[in-house]
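For reference, the structure is listed below as structure tokens.
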Amino acid sequence: MKSFLDFWLELSWFANLLTIVLGAYSLYKVVMISLKFVSNKFSKEYVYSDVSSYLEAKKYSSYNKLSKSVVIVDDNPENYPVDYLRDFGFTVKVIESISLSDISQLYNYDLIILDITGIVLEDPVRGGLELLKRIKEVDPTKLIISASSKRFDPTLTDFFKLSDSQIKTPISETNLENKINEMFKKKFCPQTTASKLDEYILGKNISPSDKSKLMTITLKYIEGVFSGPDFLKKCSWISSELNIHKYKELTDNLKGLM
Amino acid sequence: MIGIIEEILSSEDYNFKLSVALNKKRIINSAPEHIICSTCHDKPCFDFLAGEEVCDNSLSSYRTVVNDINIVAYGYLGDKVNAKAITKKLRNDSKGRSLKLIHFEEWVKRLSLITNQINRTISNNRSEVLHCFHDPVKWATQVSINSERMINRRDGDTFSERFKNCNTDVKAIYKCSQLLVKSVEMVEVYFNPDSAAFGDTYKANIYKIFDMVQAIIFHAEGKRYNKKFRLLGRSFRSVYMYESFHIIALSLIQNSIKYSKTSEIDITINDVKEGVGVEVVSHGPLISESELSLIFNKGFRGKYAKAMSFDGMGIGLYIAQEIAKVHNFTIRAESSPCNYQIENIPMAKNTFSFTVPAIGI
């Protein structure tokens, strides 16, 4: 022990320097760890691995049926269980014939179920196709279901292909209910849009820590902590791996549904 | 369509004639062949891939595709023929046989205009004729909806429980209505192959689809013809598909019922590396090699098939193949002789097989 103390005294200036440096470093680390602890304790930190799990925790699971409206444009409305849909919670309007000049009234509905024959005054044979083309020209995102039992007719192929989905009429209660639900979920359900957002990130070469950082920024943007331009600025560090404008567009879609 | 194009090109009224082959088959009544081509039996020019090619005899061929038909105009002095390679004899033999690419393209354009117009006319005529089919299609759907409602009024927590509690008449009406709707869907694909890709895509287990279809057919037809289906293999994989997929199962099983001479029909479904492998095996009339290559053509029926069954129209396998195409696979057919005969018809083990890609549609 004595020899050790003698050795230490012989080093005198070096020992002092070592004590000061090590002491200062230890003090610095203690302060930093404390600061991090306090910051974690009081700042909003997200623990969600993806946007879907965030929505699940926040109970955003479906769209609001009561706010959704459906218009059925068909000269044979008896082919649809209209009362059943109304009982189910949808606002349903039936139009048996329409003029092309009145097309604007259809834009107010969230979903249009469209027949092809006997509905347009100006073209009773294939007016539904013209109606569909015009609506999609004005609003390509408008949900349209083509409704006809004439799938066998090769001249109607465009009518079926241009629509978002197809049904055969007559149609049963549950089949139509499922179809409408599925269409609305695709467009209006936050969970579906969140899955698209998560899928977009999934294929990219992003490390887990970067993903966690991106998730925090995204969720803060969704909650309105900062603006769109700020969101783009904050995401700029990952722009080499991700098209941040496309990412913002998907996030905005989700934000709009919440 | 190939028959119509052949007729147009052979017609005396069609005055822009070239010596051509459609799908590797020479059109006899079009322009005469080059004297060199008439002695060339191999005709390698029929296999050229695209554009202009010059053969070993220093003659050009031009190839194009119109309405999925390969068209080759051959035996001409074209743009790519090396002027130095044209001997005096070749020049003399080729009098009036100079054809530039621009002229060939003009010829193709004219032919395309005519065929497109014919296609439109055929579609419009078909649409008019089929208009009377509209109401029966709706009635078939309505019968199916009503039979489902009848079953749903019975006691039970699930549809299958309620179905079990129905009497045999209701069960029969439901099964027949299902077959009726599916038969209508087959006709839809027959008249409009594009309709195979209509409707929703959904993820389904192919084993379950075949099981469901065989159960319906067994109750509706199998019992009557004393046929039994054996569902073999192990498959747990689900694949994304169009609503029309079940028609493949329907067509292949109905085809095997119609033509098998033994009571058992084996359906084997296994998960394989590429996706889900399906085999439908039955023992029936021998299908010759030449018939195998045509068996999926619209309206085609084998020699012995015609002798065995009078009510076939040769549409089931055509429809199945059309639906397979939109699902990105093809159905294969094999026929292995069994070395015995029934009613003077040689018997064979007939296998229809395909692999549904795991990626789905």
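Brief remarks on what is shown
- Note on B:194-202: average number of Cβ atoms from other chains within 10 Å of each residue's Cβ is 5.
- Packing-based exposure ordering (other Cβ within 10 Å, fewest first) of A:I201, B:I86: B:I86, A:I201
- With 20 Å bins beginning at zero, the pair-distance distribution over Cα atoms of chain B amounts to 23, 44, 26, 6, 0 %.
- With contacts taken as Cα pairs under 8 Å and at least 6 residues apart, chain B reaches a relative contact order of 10 percent.
- Gyration tensor over the Cα atoms of the stretch A:127-258: the corresponding equivalent ellipsoid has semi-axes (square roots of 5 times the eigenvalues, largest first) of 39, 16, 14 Å.
- 17 Å cut-off, amide nitrogen to a point 7 angstrom out along B:R237 Cα→Cβ, residues in the stretch B:327-361: B:327-332, B:353-361
- With the Kirkwood sum run over all distinct C-alpha pairs, the stretch B:119-163 has a hydrodynamic radius of 13.1 Å.
- For residues of A:168-181, the mean tally of beta carbons on other chains within 10 Å: 3
- With the helix formula -39500 (n - 2.57) applied to DSSP H stretches of n ≥ 4, the protein assembly as shown reaches a computed 222 nm mean residue ellipticity of -14500 deg cm²/dmol.
- Phi-derived couplings, Karplus 6.51 cos²θ - 1.76 cosθ + 1.60 at θ = phi - 60°, listed residue by residue for the stretch B:283-298: 10, x, x, 5, 10, 6, 4, 5, 6, 4, 6, 10, 5, 8, 6, 4 Hz, with x used for Gly and Pro.
- The protein assembly as shown - share of DSSP beta bridges that are antiparallel (%, nearest 5): 65
- Across B:K303/B:K349; A:K185/B:K273; B:K138/B:K175, pairs whose alpha-carbon gap is larger than 25 Å: A:K185/B:K273
- Extent of the stretch A:65-188 along its three principal axes (Cα atoms, max minus min coordinate, largest first): 34, 29, 24 Å.
- Net dipole in debye of chain B [+1 Lys, Arg Cβ; -1 Asp, Glu Cβ; about Cα centre; nearest 20]: 320
- Projected area averaged over orientations for the stretch B:189-238, convex hull of C-alpha atoms, nm²: 5.0
- Entry for the stretch B:1-98 at q = 0.11, 0.12, 0.16, 0.25 Å⁻¹: log10 I(q)/I(0) = -0.31, -0.37, -0.65, -1.42, Debye formula applied to identical alpha-carbon scatterers, no solvent contribution.
- Over the stretch B:199-357, relative contact order from alpha-carbon pairs under 8 Å, at least 6 apart, %: 23
- With θ taken as phi - 60° and the Karplus curve 6.51 cos²θ - 1.76 cosθ + 1.60 applied, the whole-hertz 3J(HN,Hα) list for the stretch A:73-86 is 10, 7, 7, 10, x, 5, 6, 10, x, 4, 4, 4, 5, 5 Hz, x standing for glycine and proline.
- Neighbour-count ranking [beta-carbon atoms within 10 angstrom, fewest first] of A:I206, A:I222, A:I20: A:I20, A:I206, A:I222
- Under 5 Å from the amide H of B:Y76 lie the amide H atoms of B:S60, each residue being 5 or more positions distant or on a separate chain, with H modelled from the backbone and absent for Pro and chain starts.
- Principal axis extents of the C-alpha atoms in the protein assembly as shown (largest first, rounded to whole Å): 116, 83, 66.
- Inverse mean reciprocal Cα-Cα distance (Kirkwood Rh) of the stretch B:199-357, Å: 15.9
- Relative contact order computed over chain A (Cα-Cα under 8 Å; 6+ residues apart), in percent: 17
Read-outs: derived from the displayed coordinates by stated rules, not from any lab. Predicted model only: the values in this text are computed from it and were never measured. Cβ coordinates were reconstructed from backbone atoms using ideal geometry, including for glycine residues, and neighbour counts include every protein chain displayed.
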